[in-house]
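Let me begin by presenting the structure, written as structure tokens, before commenting on it.
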Amino acid sequence: MKKTLLLLPILLLVAGALFASEVTVGTGSQQARVPMDMYYKNSLFECIYLSSELNIGASTITAISLYNNFSTNVGIKPVKIWLGNTTQANLSTGWIASNSLTKVFDGNANFPNSANTILITLSTPFIYTGGNLVMMVNRPMDDAYYASSDRFYCQTIGTNRARKAYSDTVTYDAAVPPSNSTLSGQFPKTTFT
């Protein structure tokens, strides 16, 4: 009887080594002032990414990338981001308040002019369980506003997966989102690491 030699690949994992993968949701075929509206001094935005779009199964999200195309060099600005697992497929009945989510980033990010990838490394990694994912983004009240042409790459799918509110005078509380907000299907092209 002749023996057959079977060669199998072996993957050696080094203790402490990190392996990352990325998934991008959206094409970026449009440009809009979401998830942060720099034209106003304060904005609040929320959207849902469907599990079929993420298609990654349970994992830990450690960073988020957004894609801007700003005419202004806005520079370093504070940003707050919350993530959450949800069974909701849309936001037609209202916001999912931040106290039902996990705050994953509360710090500063740099928003240069022209087209850029804005990488935000999460201060609190998020455990994604494989269902739909909700993301809330707050541009805290600022003393300045910028050009209406400071936009992010985005797309519109459906009519009710996102909510936004913006103001020069009202400071939004993410735990008690405003009742007067705009419902749409527009959300930013986003890469999850």
_Give me the extension gain from S179 to E22: residue separation times 0.36 nm, minus the current Cα-Cα distance, reported in nm with one decimal._
53.1 nm
*Within the chain: Cβ-based charge dipole about Cα centre, in debye rounded to nearest 20 (Lys, Arg +1; Asp, Glu -1)*: 560
*Picking from G75, G94, G28, which is most flexible by a Gaussian network model of the chain using Cα springs under 10 Å?*
G75
*Determine the gain in length on full extension of the stretch T156-T169; use 0.36 nm per residue of separation and subtract their C-alpha separation, reporting nm with one decimal.*
1.9 nm
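Between S123 and D143, what FRET efficiency follows from the Cβ-Cβ distance if R0 is 25 Å, with the result rounded to 0.05? Don't skip to the end; give the middle numbers.
Details: r = 24 Å, r/R0 = 0.98.
In this case the efficiency is close to 0.55.
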_Pick from N116, N99, N69 the residue whose mean-square fluctuation is largest in a GNM of the chain, springs joining Cα atoms under 10 Å._
N99
*Take the Cα gyration tensor of the range 136-193, multiply each eigenvalue by 5, square-root it, and list the three semi-axes largest first, rounded to whole angstrom.*
21, 16, 12
*Paired Rg and Dmax values of the range 97-193, which use every Cα atom, in angstrom*: 14.4, 39
*Ignoring any ligand, DNA or RNA, what whole percent of the accessible area of the chain comes from carbon and sulfur when the probe is 1.4 angstrom?*
53
*asked:* Connecting C-alpha atoms closer than 10 Å in a GNM of the chain, tell me which of Y146, Y40, Y49 has the biggest fluctuation.
replied: Y146
*So for the chain, taking the charge dipole from beta-carbon charges (+1 Lys/Arg, -1 Asp/Glu), which of Y166, V23, M136 sits furthest toward the positive end?*
V23
*Taking Rg and Dmax of the Cα atoms in Å as the quantity of interest, determine which of [x] 18.4, 53; [y] 19.1, 85; [z] 18.5, 63 was computed from the displayed structure.*
[y]
*With a probe of 1.4 Å, find how much accessible area the chain has per residue, and write the answer as a whole number in Å².*
52
_Relative contact order for the chain, counting Cα pairs under 8 Å that sit 6 or more residues apart, in percent_ = 37
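The values are calculated or read from the model by the stated rules, or taken from the named source; none is laboratory data. Quick caveat, the model's predicted, so the values are computed rather than measured. Virtual Cβ from ideal backbone geometry, glycine too; neighbours counted across all protein chains shown. These area figures cover heavy atoms from the full protein model, side chains too; ligands, DNA and RNA do not enter into them. Shrake-Rupley method; radii C 1.70, N 1.55, O 1.52, S 1.80 Å.
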